[in-house]
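Student: Below is a structure I'd like to ask you about.
The values are calculated or read from the model by the stated rules, or taken from the named source; none is laboratory data. Here the structure is a predicted model, which is why all the values come from computation and not from measurement. FYI the Cβ positions are ideal-geometry reconstructions off the backbone, even for glycines, and counts take in every protein chain you see.
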Amino acid sequence: MTVAVVNPATEEPIAELEQAGVEETDAAVARASRAFPAWRGVAPLDRARLLRRLASLVEDNSEELAQIESRNVGKPIAGARGEVGMVAEVFHFYAGAVDKHHGQTIPVAGGVDMTFREPLGVVGLIVPWNFPLNIASWKLGPALACGNTVVLKPAELTPLSALRLAELCLEAGFPEGVVNVVVGKGTVVGQRLVEHPDVAKIGFTGSTEVGREVMRGAAGTIKRVTLELGGKSANVVFADADLERAAAAAPYAVFDNAGQDCCARSRILVEASVLDDFADLLVKATAAVKVGDPESEATEMGPLISASHRESVGSFLDGAEVLFRGDAPDGPGYWFPCTLVHASNDDRVAREEVFGPVAALIPFADEADAIRIANDTPYGLSGSIWTRDGARALRVARALETGVLAINSNSSVRVSTPFGGMKQSGFGRELGLHGLDGYSEVKNVYYATEG
Ligand code: NAD
């Protein structure tokens with residue numbers, strides 16, 4: 001069966017792809033299994049060299065990759081270029097990490113005790129449609145650096161950049177079978193990877209709902225899993241913050257990627273004493289976000305990924321108290337304007353992941369109230385704190401139940417620092433040296449030297 005891949009900004013098909021089934025998935029796992037013994041035996045610095053070559057090839061082909069990503073996801077081209085830049089950085093980083101992730105010797109009686117970092121074997125990597133190439137690289141980099149072979153399953157809607165990356169892997173010189181890409185449905189290819197007895201681990205990024213399925217499916221073979229799931233992060237603005245700076249930044253913490261961002265700070269918590277002033281500043285900043293043609297260099301926000309997703313995002317406005325609704329092109333394309341609503345933390349728009357350009361403004365009374373509201377969610381992925389009081393910033397940062405935080409900034413993701421969630425946003429960490437822990441297992445060996 002073939003499926004059309006569509007440009008969400010034009011609704012026009014840009015490719016037609018054959019969908020793999022269970023048989024093709026099994027064949028990819030078999031190829032990865034056959035390639036594993038030789039790949040784990042490749043000298044660390046040779047593995048590093050291949051990753052470095054891949055990083056260079058991503059740089060050499062960055063414009064093509066950015067164009068693919070922009071057309072397939074509807075990303076503004078400037079943002080897509082930035083994302084491809086990060087992909088190259090990720091491969092450079094893990095090339096440098098290959099020989100710096102090692103075991104220890106531990107003092108014991110009667111002998112020598114040592115630990116080894118062993119690769120897991122074949123790992124299944126399942127990624128979503130919002131940052132297809134970026135998130136694939138966060139998993140591929142550490143998996144390959146540790147000596148695993150991989151089967152990567154891109155999202156149904158956005159398979160194109162993963163296929164191009166697979167070609168670049170071959171061009172870089174990775175042996176055949178080390179990197180495999182299988183295009184198909186989550187409930188077919190993804191589920192088969194999760195249940196396959198020869199897959200040692202699943203690195204999954206996607207919704208919390210599917211994350212639960214992955215965890216259930218992995219139980220049958222006690223498969224290792226890393227789950228990077230949904231979020232409902234808070235942007236906490238105290239009255240003593242630089243309000244102009246906080247308001248200027250806030251739209252980009254939720255409307256980037258049209259709000260289709262697991263780190264979106266879609267709950268903007270504002271100290272009640274400055275709510276009106278902040279709301280005025282926020283409306284002005286939001287009205288300035290440039291929404292339109294992803295091919296234009298100036299565009300900051302493109303369309304949503306699909307018609308059905310647009311419908312789902314729109315449903316969050318039923319009965320909502322709308323503070324601001326921006327402009328968006330009429331169509332074709334799955335457009336949705338930047339939208340701000342007043343809400344309480346009990347409203348649906350504040351409890352569920354909208355995954356679109358809708359932010360809820362929620363007042364709080366004081367520091368304790370801000371912490372209570374921010375933590376009153378099943379999720380725990382990201383967040384920001386805006387204040388000029390350094391001690392308060394750190395107090396609140398320690399109190400928030402979230403894996404990634406920024407103080408006086410929107411920042412969430414950096415190549416060298418750990419990224420991942422608490423609570424129902426998942427577990428395990430990607431990026432940085434922490435990312436290597438999820439793709440290796442510690443083996444302990446005791447060597448008796450006496451008696
Ligand atoms: P999704 O959960 O629908 O799909 C993610 C991937 O899982 C896709 O490749 C899909 O084909 C596959 N899949 C679907 N059903 C499956 C099954 N039964 N078994 C195995 N695989 C299956 O998510 P999406 O709609 O593609 O992406 C949006 C979601 O991803 C949001 O919830 C977002 O917050 C989350 N996300 C999280 C992070 C993070 O790092 N925490 C980053 C990006 C996106």
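Student: Can you give me the number of residues within the stretch 261-276 that are away from the ligand (no atom under 16 Å from the Cβ) and in contact (Cβ under 8 Å) with a residue 60 or more places away in the chain?
Tutor: 6
Student: Turning to a different aspect of this structure: Looking at the stretch 197-208, which of its residues are within 11 Å of the ligand (Cβ to nearest atom) and not in a helix (DSSP H, G or I)? If you could, list the steps in order and put the result at the bottom.
Tutor: The first filter runs over the stretch 197-208 and keeps only residues within 11 Å of the ligand (Cβ to nearest atom), leaving 202-208.
Within the stretch 197-208, ILE202, GLY203, PHE204, THR205, GLY206, SER207 qualify.
Student: Taking the options ALA241, ALA258, ALA253, ALA248, name whichever one is part of a helix (DSSP H, G or I), at negative phi, more than 9 Å from the ligand (Cβ to nearest atom) and crowded, with 20+ Cβ neighbours inside 10 Å.
Tutor: Of the residues listed, the single one that is part of a helix (DSSP H, G or I), at negative phi, more than 9 Å from the ligand (Cβ to nearest atom) and crowded, with 20+ Cβ neighbours inside 10 Å is ALA253.
Student: Tell me, which residue of the stretch 103-130 that is hydrophobic (A, V, I, L, M, F, W, C) and more than 30 Å from CYS263 (Cα to Cα) is nearest to the ligand (Cβ to nearest atom)?
Tutor: PHE116
Student: Related question: From VAL98, VAL87, VAL112, which residue is at pLDDT 95 or above and either surrounded by fewer than 18 Cβ atoms within 10 Å (Cβ to Cβ) or charged (D, E, K, R) (or both)? Explain how you work it out, then say what you get.
Tutor: Working: VAL98 fails: either surrounded by fewer than 18 Cβ atoms within 10 Å (Cβ to Cβ) or charged (D, E, K, R) (or both); VAL87 fails: either surrounded by fewer than 18 Cβ atoms within 10 Å (Cβ to Cβ) or charged (D, E, K, R) (or both).
Result: VAL112 is the single residue among VAL98, VAL87, VAL112 that is at pLDDT 95 or above and either surrounded by fewer than 18 Cβ atoms within 10 Å (Cβ to Cβ) or charged (D, E, K, R) (or both).
Student: Here's a follow-up. So ALA279 clears everything in (1) surrounded by fewer than 18 Cβ atoms within 10 Å (Cβ to Cβ); (2) away from the ligand (no atom under 16 Å from the Cβ); (3) of a type in the set (A, V, I, L, M) except one condition, right? Which one?
Tutor: (1)
Student: Give all pairs with beta carbons closer than 8 Å in which a residue from the stretch 163-188 that is of a type in the set (Phe, Trp, Tyr) meets a residue that is away from the ligand (no atom under 16 Å from the Cβ); count only pairs at least 6 apart in sequence or on separate chains.
Tutor: From residues that are of a type in the set (Phe, Trp, Tyr), the pairs are PHE174/LEU50; PHE174/LEU54; PHE174/LEU144.
Student: Okay, moving on. Please go through the stretch 209-238 and give me each residue that is within 9 Å of the ligand (Cβ to nearest atom), touching a residue at least 24 places away in the same chain (Cβ under 8 Å) and farther than 25 Å from ASN408 by Cα, ordered by number.
Tutor: Answer for the stretch 209-238, where residues must be within 9 Å of the ligand (Cβ to nearest atom), touching a residue at least 24 places away in the same chain (Cβ under 8 Å) and farther than 25 Å from ASN408 by Cα: VAL210, GLY211, VAL214, GLY217, LEU227.
Student: Return the only residue of ILE373, ILE362 being in contact with a Phe, Trp or Tyr (Cβ under 8 Å, 6 or more places away or on another chain), not in a loop (DSSP other than H, G, I, E, B) and not polar (S, T, N, Q).
Tutor: ILE373
Student: Output the number of residues of the stretch 400-443 satisfying the condition of being away from the ligand (no atom under 14 Å from the Cβ), part of a helix (DSSP H, G or I) and without any contact (Cβ under 8 Å) to a residue 24 or more places away in the chain.
Tutor: Qualifying residue count for the region: 1.
Student: Could you count how many residues in the stretch 148-167 are away from the ligand (no atom under 14 Å from the Cβ), under 22 Å from GLY435 (Cα atoms) and not hydroxyl-bearing (Ser, Thr, Tyr)?
Tutor: Residues in the stretch 148-167 being away from the ligand (no atom under 14 Å from the Cβ), under 22 Å from GLY435 (Cα atoms) and not hydroxyl-bearing (Ser, Thr, Tyr): 4 in total.
Student: Can you pull out the residues in the stretch 332-367 that are under 25 Å from ASN7 (Cβ atoms), in contact (Cβ under 8 Å) with a residue 24 or more places away in the chain and not aliphatic (A, V, I, L, M)? Let's see the steps before the verdict.
Tutor: First, pick out the residues of the stretch 332-367 that are under 25 Å from ASN7 (Cβ atoms): 332-339, 353-358.
Right, trim to in contact (Cβ under 8 Å) with a residue 24 or more places away in the chain and you get 332-338, 353-358.
Matches in the stretch 332-367: PRO332, GLY333, TYR334, TRP335, PHE336, PRO337, CYS338, GLU353, PHE355, GLY356, PRO357.
Student: Do you know which residues across the stretch 67-82 are buried (at least 23 other Cβ atoms within 10 Å of the Cβ) and assigned to a helix (DSSP H, G or I)? Even if it seems obvious, please write down each step before you answer.
Tutor: Within the stretch 67-82, the subset buried (at least 23 other Cβ atoms within 10 Å of the Cβ) is 68-76, 80.
The answer is ILE68, GLU69, SER70, ARG71, ASN72, VAL73, ALA80.
Student: With respect to ALA391, determine if the residue is away from the ligand (no atom under 16 Å from the Cβ), within 29 Å of LEU275 (Cβ to Cβ), modelled with pLDDT of 95 or more and buried (at least 20 other Cβ atoms within 10 Å of the Cβ).
Tutor: So ALA391 does not fit the description; no.
Student: Moving on. Has the stretch 164-173 got at least one residue that is in contact with a Lys or Arg (Cβ under 7 Å, 6 or more places away or on another chain), assigned to a loop (DSSP other than H, G, I, E, B) and at negative phi?
Tutor: no
Student: Does the stretch 168-190 include one or more residues that are in contact with a Ser or Thr (Cβ under 6 Å, 6 or more places away or on another chain) and within 15 Å of the ligand (Cβ to nearest atom)?
Tutor: yes
Student: Can I ask one more? Does GLN67 satisfy the criteria of being touching a Ser or Thr at 6+ places or on another chain (Cβ under 9 Å), under 21 Å from VAL181 (Cβ atoms) and among the polar types (S, T, N, Q)?
Tutor: Taking the combined requirement at face value, the residue does not satisfy it.
Student: Given the options LEU17, LEU57, name the one that is aliphatic (A, V, I, L, M) and assigned to a helix (DSSP H, G or I).
Tutor: LEU57
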